[in-house]
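One structure below.
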Amino acid sequence: ALKAGVVGLPNVGKSTLFNAITQAGAESANYPFCTIDPNVGVVEVPDYRLDKLTELVQPNKTVPTAFEFVDIAGLVAGASKGEGLGNKFLAHIREVDAIVHVVRCFEDENITHVNGKIDPLGDIQTINLELILADIDSVEKKIDRSRKNLKGGDKKIALEVDVLERVKDALYNDQPARSVELSDDEKQIIRDLHLLTMKPVLYAANVAESEVADTDNNKFVQIVREFAAAEGAQVVPISAKVEEEIAELEGEDKAMFLEELGLQESGLNRLINAAYKLLGLYTYFTAGVQEVRAWTIRKGMKAPQAAGVIHTDFERGFIRAEVVSFEDLAAAGTMNVAKERGQLRLEGKEYVVQDGDVMHFRFNV
Ligand code: GDP
């Protein structure tokens, strides 16, 4: 399963946010493939389309799609040199697909800041520097190894060294590896290095409880926004403290509490949706009377691969798929009406699944 790692300096609110994530957590019976680990929180991806399909089909059961947040505690200045949990931390972060970087944007005299003052930009740079230093180490080692092999004049290795040098230059200029413009082939060349600064990042700006309804006027959030905009990254303002309280509530209590706070939806939901997007994920649906269910795929997957997410047999024995877009089905009201309108399509092996497709697979066993 795809994973987003939660990082940040000590005392910025990571554990508080992570508590909210596990509290709100998904029912694990529905997700037998997810990791069972205290540092992993499985969350359901909120999706209004799934609610609408449930309303239309009235199934016995509805199952949202899910993904994982990993708590990566222990990053301090010097981690790349082995301070704190150092290398262990860095090894964990190599395994995630995207990074959620929690930044402290709340003032509270009772809670010490590691550097003595609230300084979102400084905090971000401290963490980013550790990631950059770790990547420099990986890249330089790789360059040394490749150079030794280069003596034979192999073109492939020459290209590899060229790509590595470009990445190294960026890192030495304090720029993340993801800022280097690389073709898909070039990206493939350095994939094995699992560079930390290659991963997409989302900043979670942790604001005070009193400011959740109006985060735009928080000067710290603005600083984070400016920095993120320059990097092309997203910012989700959130109050970890408030999210912890929201996560304990359900149904109407939750709705009332959100209204009191002046929020449309929980910050956690916004964070989940933003992380899902950041990972480049699409959702398709299956909609039977037994079960209406959302499934996660990567953008660009073809129908057999998408079927394989449900079961490997579906991929192996794939014949074709019946597909209707969510919008068409919602407007039609029933599958039969959608069919009469000619909106139910038969698609084959080469069909690239679209976000929001409602699919029924035909396959050989
Ligand atoms: P971590 O070290 O990054 O995991 O930070 P914690 O989640 O343990 O938070 C450190 C302290 O800050 C705890 O005492 C939290 O209760 C507090 N804290 C976290 N978020 C907020 C917030 O939004 N407002 C305030 N006032 N305190 C917070």
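Computed from the C-alpha gyration tensor, the three semi-axes of the ellipsoid equivalent to the chain are 37, 31, 16 Å, from longest to shortest. Within the listed set 212, 63, 309, the Gaussian network model of the chain (springs between alpha-carbon atoms below 10 Å) gives the highest mean-square fluctuation for 309. Backbone geometry of the range 218-226 corresponds, through the Karplus equation with coefficients 6.51, -1.76 and 1.60 at θ = phi - 60°, to 3J(HN,Hα) couplings of 7, 5, 5, 4, 4, 4, 5, 4, 4 Hz, x marking Gly and Pro. If only the Cβ of Lys and Arg carry +1 and only the Cβ of Asp and Glu carry -1, the dipole of the range 130-198 around its Cα centre is close to 360 debye.
Farthest towards the positive end of the charge dipole of the range 302-364, among the residues 332, 351, 363, is the Cα of 363, using unit charges on the Cβ of Lys, Arg, Asp and Glu.
Evaluating 6.51 cos²θ - 1.76 cosθ + 1.60 at θ = phi - 60° for every residue in the range 282-298, the Karplus couplings come out as 10, 10, 10, 10, 10, 9, x, 5, 5, 8, 9, 8, 9, 10, 9, 9, 8 Hz, glycine and proline recorded as x. Ordered by the number of other Cβ atoms lying within 10 Å of each residue's own Cβ, fewest first, 102, 40 fall into the sequence 40, 102. Of the residues 217, 159, 41, the one whose Cα sits farthest towards the positive end of the charge dipole of the chain is 159 (charges of +1 on Lys and Arg Cβ, -1 on Asp and Glu Cβ, taken about the Cα centre). Taking other C-beta atoms within 10 Å as the exposure proxy, 132, 111 rank 111, 132 from fewest upward. Please state the Cα pair-distance histogram of the range 212-365 with 5 angstrom bins from zero: what percent is in each bin? Each 5 Å bin holds this share of Cα pairs: 2, 8, 13, 14, 13, 12, 11, 11, 9, 5, 1, 0. Result for the chain in a Gaussian network model with C-alpha springs under 10 Å: among 153, 333, 288, the largest mean-square fluctuation is at 153. Between residue 349 and residue 289, the distance separating the two model label sites (each 7 Å from Cα on the Cα→Cβ line) works out to 3.5 nm.
Evaluating kT/(6 pi eta Rh) at 10 °C and 1.306 mPa s, with the Kirkwood radius of the range 272-351 over Cα pairs in the Stokes-Einstein relation, gives 115 µm² s⁻¹. A Stokes-Einstein calculation at 25 °C with viscosity 0.890 mPa s, built on the Kirkwood radius of the range 130-198 over Cα pairs, returns a diffusion coefficient of 205 µm²/s.
FYI, it's all coordinate maths here, none of it is from the lab. As the structure is a prediction and not an experimental result, all values here were calculated from the model. Glycine also receives a Cβ, built like all others from the backbone with ideal geometry; neighbour counts cover every protein chain displayed.
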